[in-house]
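The values are calculated or read from the model by the stated rules, or taken from the named source; none is laboratory data. What you are looking at is a predicted structure, and each value in this text was computed from that prediction instead of being measured. Cβ placement follows ideal geometry from the backbone for every residue including glycine, while neighbour counts extend to all protein chains displayed. The area values use the complete protein model at the heavy-atom level, side chains included, leaving out ligands, DNA and RNA. Shrake-Rupley method; radii C 1.70, N 1.55, O 1.52, S 1.80 Å.
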Number of protein chains: 2
Amino acid sequence: MTSSTDVKSKQQLKKEDLWKCASIFLFILLTTSVSIILLLLSHRDVCTNEYHTSLIESQPKIFIITPTYARPERLADLTMLAQVLMHVKNIHWVVVEDGGRIAEPVERLLHRTEIEHTYFSAVTPDYLPKRGWAQRNAALRHLREKYIAYTDHALVYFADDDNSYDYRVFDDYIRKVKRLGVWAVGLAASSRIEAPNVDNDTVIGWNVMYRPHRRYAVDMAGFAVSLRLILGTLALFGKDCVGSDPEDCFLRQIGVPLSELEPFGHDTDPKDVLVWHTKTVVSKMKGESYGYVFEEKHL
Amino acid sequence: MTSSTDVKSKQQLKKEDLWKCASIFLFILLTTSVSIILLLLSHRDVCTNEYHTSLIESQPKIFIITPTYARPERLADLTMLAQVLMHVKNIHWVVVEDGGRIAEPVERLLHRTEIEHTYFSAVTPDYLPKRGWAQRNAALRHLREKYIAYTDHALVYFADDDNSYDYRVFDDYIRKVKRLGVWAVGLAASSRIEAPNVDNDTVIGWNVMYRPHRRYAVDMAGFAVSLRLILGTLALFGKDCVGSDPEDCFLRQIGVPLSELEPFGHDTDPKDVLVWHTKTVVSKMKGESYGYVFEEKHL
């Protein structure tokens, strides 16, 4: 046998060595492939979130406009709203202080949330009511200046800091709006529910107690509008709105016919309410603040 | 040259082929190592959360007791509280309905949060006020029965559903309590702030307007107690507490001397308030609910 091996041609010998080499190569390839697959599998659960996040981030951005003012319950309200928004991806929060300057505790709060945000102050002129109108206008002007060349589809939503939000309103309703979306609001204007009246997926009017004959009888928390419509109009909560309802006045300027509104939540079972027009009420505050962060009523 | 190659010995040839083979082997090893390292690096950010979570999960569990009852604003309040708790890891939420049966919208809400929870109902007997006492008692009895053999360090916190919580109160205060921790509460009992009076890290009394001479002049949202102390006493919000303040009455039964209380948040700069005794107030509700989920006032 030994002598027979000895007489093998160089070609045969080379073939044998290359075969060995190929075996080693295949073994390494198999081992590393299995390792990589196991590694990926072990990370799958963790990465589901990342996958979900990246899906959301490829979806329309939501610009959330919140007018706010100093009052004893403001930090409580704003903390709770901030913590809702921390569950929502791909948003930009525009917070506008009613007054001559921004508040340091609010600035710290916004920084802590790690939410992409813009925070500035705007004084309410004498001819407008102190109800967040001037601050919403300042936010709209900011969007119209800064995002003038923004071509991606995005949405604008007015979120007051004392309302209560189910975070599903952002992903299930607002983010799906094409031009102007509307939905039910709980506890608005002393009503159990204010809701669009929907027939065959088309809004034909409003199920409301308060001024039912408004063209857009919808609460501030009950609609979202595309950034494109905001950039394409000059709609504001302006002097012309004094004496009428701000939502109706604003949406008349946006000018989407009732038949083209996009209703949400009217066809689910059960019909959950995802936003409530709540109010945090505190009695007249007594006593000291003992060095703790406390905001007196500003307006 | 050709003839010189031809006369190479078998040994020399073998060496040359093995060298080639080793080169390929090394190349594959290097490539896959670099790939694995890059793969691991790309997952590092995502996995930081998992690491943080597992750190928290090795820390004490928090049992959160929430008495609740049906009312128009309840789903708004409970949704907002649930969304705070979704930011907190390693908790068990014990929700107790005041009434003969649990509420389906609450059950759905709890299920949606994916928070570990127990939800049941308890009727308030005639001799107790309808202020969550019987429900907190039912939750305490549940813990004493179910966790009798629980030896790990854990905490118990009473969180009413209409308060406002900064989620830091759970990780920065409650989870660090050894036996009985106390901290400031905003907007409690018409006061700006109610806080423990701390001297040299020791509680020496209470900075409060309302009944300052109580032994434990602390709001329900202003303390957390170790599960061990709950299991080791029979403390309840019982008949004996009628006519006194529930917090003071309960903590007297727990029996930790003032000097052994653990104060939190008195030495931070700035001194943030992390929990507020807020109240959501709605006017008398009119109108229909148009098929949307709405809860009438139960109590």
Requested in this report: Please verify whether the stretch A:36-48 includes one or more residues that are modelled with pLDDT of 95 or more and either surrounded by 14 or more Cβ atoms within 10 Å (Cβ to Cβ) or aliphatic (A, V, I, L, M) (or both).
Outcome: no
Query raised in the report: Would you call A:Ala224 within 10 Å of chain B (Cβ to nearest Cβ), in a strand (DSSP E or B), touching a strand residue (DSSP E or B) at 6+ places or on another chain (Cβ under 9 Å) and under 20 Å from A:Arg252 (Cα atoms)?
Result: no
Report task. Go through the residues of the stretch B:249-271 one by one and say whether even a single one is surrounded by fewer than 20 Cβ atoms within 10 Å (Cβ to Cβ), touching a residue at least 60 places away in the same chain (Cβ under 8 Å) and facing chain A (nearest Cβ under 10 Å). Result -> yes
**Report entry** Among (1) at pLDDT 95 or above; (2) out of contact with any His (no Cβ under 8 Å at 6 or more places or on another chain), the one test that B:Ile64 misses
**Finding:** (2)
Report task. Confirm whether B:Ser121 is open to solvent by 20 Å² or more (accessible area, probe 1.4 Å), at positive phi and touching a Lys or Arg at 6+ places or on another chain (Cβ under 8 Å). Result -> no
Query - Pick from the stretch B:272-299, criterion part of a loop (DSSP other than H, G, I, E, B) and under 23 Å from the mean Cα position of the chain (by Cα), ranking: surrounded by the fewest Cβ atoms within 10 Å (Cβ to Cβ) - result: B:Lys279
Requested in this report: Check whether at least one residue in the stretch A:81-88 is in contact (Cβ under 8 Å) with a residue 40 or more places away in the chain and more than 14 Å from chain B (Cβ to nearest Cβ), and report yes or no.
Outcome: no
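Taking A:Leu78 as the residue in question, decide whether it is in contact (Cβ under 8 Å) with a residue 60 or more places away in the chain, within 14 Å of chain B (Cβ to nearest Cβ), farther than 28 Å from A:Thr233 by Cα and not in a loop (DSSP other than H, G, I, E, B).
In short, yes.
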Report task. Pick out the one residue from B:Ile65, B:Ile115 that is part of a loop (DSSP other than H, G, I, E, B) and either open to solvent by less than 10 Å² (accessible area, probe 1.4 Å) or closer than 24 Å to A:Met86 by Cα (or both). Result -> B:Ile115
Query - Test: residue in the stretch A:107-117 that is under 25 Å from A:Phe237 (Cα atoms) and either touching a residue at least 60 places away in the same chain (Cβ under 8 Å) or in contact with a Gly (Cβ under 7 Å, 6 or more places away or on another chain) (or both) - result: no
**Report entry** Selection from the stretch A:178-229 of residues that are in contact with a Leu (Cβ under 9 Å, 6 or more places away or on another chain) and hydroxyl-bearing (Ser, Thr, Tyr)
**Finding:** A:Thr202, A:Tyr216, A:Ser226
Query raised in the report: If you take the residues in the stretch B:138-160 that are among the small types (Gly, Ala, Ser) and assigned to a loop (DSSP other than H, G, I, E, B), which one is modelled with the highest pLDDT?
Result: B:Ala159
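Matching residues to (1) in contact with a strand residue (DSSP E or B) (Cβ under 7 Å, 6 or more places away or on another chain); (2) within 25 Å of B:Lys284 (Cα to Cα):
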{"position": "A:Arg228", "(1), (2)": "no, no"}
{"position": "A:Val256", "(1), (2)": "yes, no"}
{"position": "A:Asp272", "(1), (2)": "no, yes"}
{"position": "A:Thr278", "(1), (2)": "yes, yes"}
{"position": "A:Phe294", "(1), (2)": "yes, no"}
Query raised in the report: Are any residues in the stretch B:163-217 open to solvent by less than 50 Å² (accessible area, probe 1.4 Å), touching a helix residue (DSSP H, G or I) at 6+ places or on another chain (Cβ under 9 Å) and assigned to a loop (DSSP other than H, G, I, E, B), and if so, which ones?
Result: B:Asn163, B:Asp166, B:Trp183, B:Ala184, B:Leu187, B:Val208, B:Arg214, B:Tyr216, B:Ala217
